[in-house]
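No value in this document is a laboratory result; all are computed from the given coordinates. Here the structure is a predicted model, which means the values were calculated and not measured. Note that we place each Cβ from the backbone using ideal geometry, even for glycine, and neighbour counts take in every protein chain shown.
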């Protein structure tokens, strides 16, 4: 059985360990800041073309699932 690639990675070699979308140098925190600031996923993707829409949606879905699990 194949292991799924993690959505987020953290390595001291990439931005000093800041959590980023796997395979990129795009910090997850930056996506959150874009959305908090009223910008769209498309705005984020334009600024960080190395991140795919699928990565962003998967991250948001996983985050939602974790938050809902904590409140159950």
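The Cα atoms of the chain cover 35, 34, 22 Å along the three principal axes, with the biggest extent listed first.
Could you work out [θ]222 nm for the chain from helices alone, using -39500 (n - 2.57) per DSSP H run of at least four and dividing by all its residues? Round to the nearest 500 deg cm²/dmol. Numbers along the way, then the final one.
Details: 3 runs with 35 residues, N = 72.
Helix-only estimate at 222 nm: -15000 deg cm²/dmol.
Quick check: Cα centre of the stretch 34-72 to Cα centre of the stretch 8-24, how many Å? What the calculation gives is 16 Å, centre to centre.
Determine the gain in length on full extension of the stretch residue 9-residue 46; use 0.36 nm per residue of separation and subtract their C-alpha separation, reporting nm with one decimal.
Numbers: separation 37, 0.36 × 37 = 13.32 nm, distance 2.11 nm.
Full-extension gain reported as 11.2 nm.
Just check the stretch 31-72 against the gyration tensor rule for me: Cα atoms, a ≥ b ≥ c as the square roots of the eigenvalues, rounded for a/c under 1.5, and otherwise prolate or oblate depending on whether a/b exceeds b/c.
The shape class here is oblate.
Projected label points at residue 65 and residue 30, each 7 Å from Cα along the beta carbon direction, are separated by 2.6 nanometres.
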